[in-house]
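**Student:** Sharing a structure, written as structure tokens. Questions coming.
The values are calculated or read from the model by the stated rules, or taken from the named source; none is laboratory data. From a predicted model like this one, the values you see are computed outputs, not experimental measurements. Neighbour counts are summed over all protein chains in view; Cβ atoms, including those assigned to glycine, are modelled from backbone coordinates with ideal geometry.
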Amino acid sequence: MSSVAVIDYGMGNLHSVAKALEHVGARQIIVTSDAQQILDADRVVLPGVGAIRDCINELRQLGLDQVVRQVASEKPLLGICVGMQMLLQRSEENGGVDALGLFPGTVKYFGDDLREGDVRLKVPHMGWNQVKQSADHPLWHRIEQDARFYFVHSYYASPERTSQLAGRCHYGVDFAAALAQDNVFATQFHPEKSHTNGLQLLQNFLAWDGRW
């Protein structure tokens, strides 16, 4: 039976992610901070909410930063929200934080004066927004182009390599809504809060063998 490990480092919305995975058919879900359990699982989810500095610090204190790097080289890995941002090289948040460096690029602040024309936009970006798929990836299976997903974030990913951009979104600026490389897929939005489209993406993740 295929198993999914949800990495528990004290900073993710673990219950919602686990329940959503269960809803789409996952039978063996392990919410854990145990390195061996994570490495033994068939698929791994790295969730994240809150400040990236706290997330990275907790991950490193538990020794799970190296576990994430190993998982990223071996099996399907799904990063969600701050879990995606931690996969980049660096974030502007908290005065500048070094991240895991799996994707070249920086996590940037939307700014205190974010505008669309003459309209000032609220930060954080919170609510539903369209995602334009920019790669033909298995995790987009049965999800329409420009489908809407749920976002909550004040910082956004700006990858260096357009080849790693799997989905784009616009909120004052264009930003990465999804990144993909080999067996790693990551989303800025919350699939577990995105109803039908988000559940379809999670179901696709359960069926994904890490190739595309």
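**Student:** Which residues, counting only those in region 22-58, are farther than 20 Å from Met86 by Cβ, touching a residue at least 40 places away in the same chain (Cβ under 8 Å) and either within 16 Å of the chain's Cα centre (by Cα) or crowded, with 17+ Cβ neighbours inside 10 Å (or both)?
**Tutor:** Val24, Ala26
**Student:** Of all residues in region 113-128, how many are surrounded by fewer than 17 Cβ atoms within 10 Å (Cβ to Cβ) and either within 17 Å of the chain's Cα centre (by Cα) or assigned to a loop (DSSP other than H, G, I, E, B) (or both)? Outline the logic, then answer.
**Tutor:** Going residue by residue through region 113-128, those that are surrounded by fewer than 17 Cβ atoms within 10 Å (Cβ to Cβ) are 113, 115-122, 124, 126-128.
Those left that are additionally either within 17 Å of the chain's Cα centre (by Cα) or assigned to a loop (DSSP other than H, G, I, E, B) (or both): 113, 117-118, 121-122, 124, 126-128.
Here the count works out to 9.
**Student:** For region 72-82, which positions are surrounded by fewer than 24 Cβ atoms within 10 Å (Cβ to Cβ) and of a type outside the set (Asp, Glu)?
**Tutor:** Taking region 72-82 and keeping what is surrounded by fewer than 24 Cβ atoms within 10 Å (Cβ to Cβ), we get 72-75.
Residues satisfying the conditions are Ala72, Ser73, Lys75.
**Student:** Evaluate region 116-125: report whether one residue or more is among the hydrophobic types (A, V, I, L, M, F, W, C) and in contact with a helix residue (DSSP H, G or I) (Cβ under 9 Å, 6 or more places away or on another chain). Walk me through how you get there before you give the answer.
**Tutor:** Taking region 116-125 and keeping what is among the hydrophobic types (A, V, I, L, M, F, W, C), we get 119, 121, 123.
Filter once more, so that each one left must be in contact with a helix residue (DSSP H, G or I) (Cβ under 9 Å, 6 or more places away or on another chain): none.
There is no residue in region 116-125 that is among the hydrophobic types (A, V, I, L, M, F, W, C) and in contact with a helix residue (DSSP H, G or I) (Cβ under 9 Å, 6 or more places away or on another chain).
**Student:** How many residues does region 13-54 hold that are in contact with a strand residue (DSSP E or B) (Cβ under 9 Å, 6 or more places away or on another chain), within 20 Å of Gly101 (Cβ to Cβ) and not aliphatic (A, V, I, L, M)?
**Tutor:** Within region 13-54, residues that are in contact with a strand residue (DSSP E or B) (Cβ under 9 Å, 6 or more places away or on another chain), within 20 Å of Gly101 (Cβ to Cβ) and not aliphatic (A, V, I, L, M) number 3.
**Student:** Could you please let me know if Arg90 is outside any loop (DSSP other than H, G, I, E, B), out of contact with any Lys or Arg (no Cβ under 6 Å at 6 or more places or on another chain) and within 26 Å of Arg211 (Cβ to Cβ)? Before the answer, list the steps.
**Tutor:** On the way: outside any loop (DSSP other than H, G, I, E, B): yes; out of contact with any Lys or Arg (no Cβ under 6 Å at 6 or more places or on another chain): yes; within 26 Å of Arg211 (Cβ to Cβ): no.
No, not satisfied.
**Student:** Related question: Of all residues in region 182-212 being among the aliphatic types (A, V, I, L, M) and part of a strand (DSSP E or B), which is surrounded by the most Cβ atoms within 10 Å (Cβ to Cβ)? Steps first, answer last, please.
**Tutor:** Here is the first cut: in region 182-212, the ones among the aliphatic types (A, V, I, L, M) are 184, 186, 199, 201-202, 206-207.
If we keep only those that are part of a strand (DSSP E or B) as well, we get 184, 186.
Working: Val184: 24, Ala186: 28.
Among them, the one singled out is Ala186.
**Student:** Does region 139-149 contain any residue that is aliphatic (A, V, I, L, M), under 17 Å from Val82 (Cα atoms) and part of a strand (DSSP E or B)? Outline the logic, then answer.
**Tutor:** Initial filter on region 139-149 (aliphatic (A, V, I, L, M)): 139, 143, 147.
Retained after the next criterion (residues that are under 17 Å from Val82 (Cα atoms)): none.
Checked region 139-149: no residue is aliphatic (A, V, I, L, M), under 17 Å from Val82 (Cα atoms) and part of a strand (DSSP E or B).
Table: residues versus (1) hydrophobic (A, V, I, L, M, F, W, C); (2) within 11 Å of Val184 (Cα to Cα).
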position: Arg43; (1), (2): no, yes
position: Arg53; (1), (2): no, no
position: Ile56; (1), (2): yes, no
position: Arg69; (1), (2): no, yes
position: Ser73; (1), (2): no, yes
position: Gly83; (1), (2): no, no
position: Met86; (1), (2): yes, no
position: Gln89; (1), (2): no, no
position: Ala99; (1), (2): yes, no
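**Student:** Give the number of residues within region 6-21 that are part of a strand (DSSP E or B) and without any contact (Cβ under 8 Å) to a residue 24 or more places away in the chain. Don't jump to the end; show me each part of the working.
**Tutor:** Looking only at region 6-21, we keep the residues that are part of a strand (DSSP E or B), and these are 6-7.
From what's left, without any contact (Cβ under 8 Å) to a residue 24 or more places away in the chain: none.
Selection size over region 6-21: 0.
**Student:** Looking at Asp136, is it farther than 19 Å from Leu165 by Cβ and part of a loop (DSSP other than H, G, I, E, B)? Let's see the steps before the verdict.
**Tutor:** Details: farther than 19 Å from Leu165 by Cβ: no; part of a loop (DSSP other than H, G, I, E, B): yes.
No, not satisfied.
**Student:** Moving to a separate point now. Restricting attention to region 166-180, does a residue exist that is in a loop (DSSP other than H, G, I, E, B) and either at pLDDT below 95 or within 14 Å of Pro104 (Cα to Cα) (or both)?
**Tutor:** Keep residues of region 166-180 that are in a loop (DSSP other than H, G, I, E, B), which gives 172.
This time we only want the ones that are either at pLDDT below 95 or within 14 Å of Pro104 (Cα to Cα) (or both), so: none.
For region 166-180, residues in a loop (DSSP other than H, G, I, E, B) and either at pLDDT below 95 or within 14 Å of Pro104 (Cα to Cα) (or both): absent.
**Student:** Against the condition crowded, with 22+ Cβ neighbours inside 10 Å and in contact with a Pro (Cβ under 8 Å, 6 or more places away or on another chain), how does Leu179 come out, does it pass?
**Tutor:** Numbers: crowded, with 22+ Cβ neighbours inside 10 Å: yes; in contact with a Pro (Cβ under 8 Å, 6 or more places away or on another chain): yes.
Here the answer is yes, as Leu179 does meet what is asked.
**Student:** Right, next: Under 6 Å between Cβ atoms, which residue pairs at least 6 apart in sequence (or on different chains) link something in region 84-96 that is over 17 Å from Leu46 (Cβ atoms) with a partner that is among the acidic types (Asp, Glu)?
**Tutor:** Pairs found: Arg90/Asp98.
**Student:** Now a separate question. Can you tell me which residues in region 33-87 are touching a Lys or Arg at 6+ places or on another chain (Cβ under 7 Å), of a type outside the set (Asp, Glu) and part of a loop (DSSP other than H, G, I, E, B)? Let's see the steps before the verdict.
**Tutor:** Within region 33-87, the subset touching a Lys or Arg at 6+ places or on another chain (Cβ under 7 Å) is 42-44, 75-76.
Still in the running and of a type outside the set (Asp, Glu): 43-44, 75-76.
Selection gives Lys75, Pro76.
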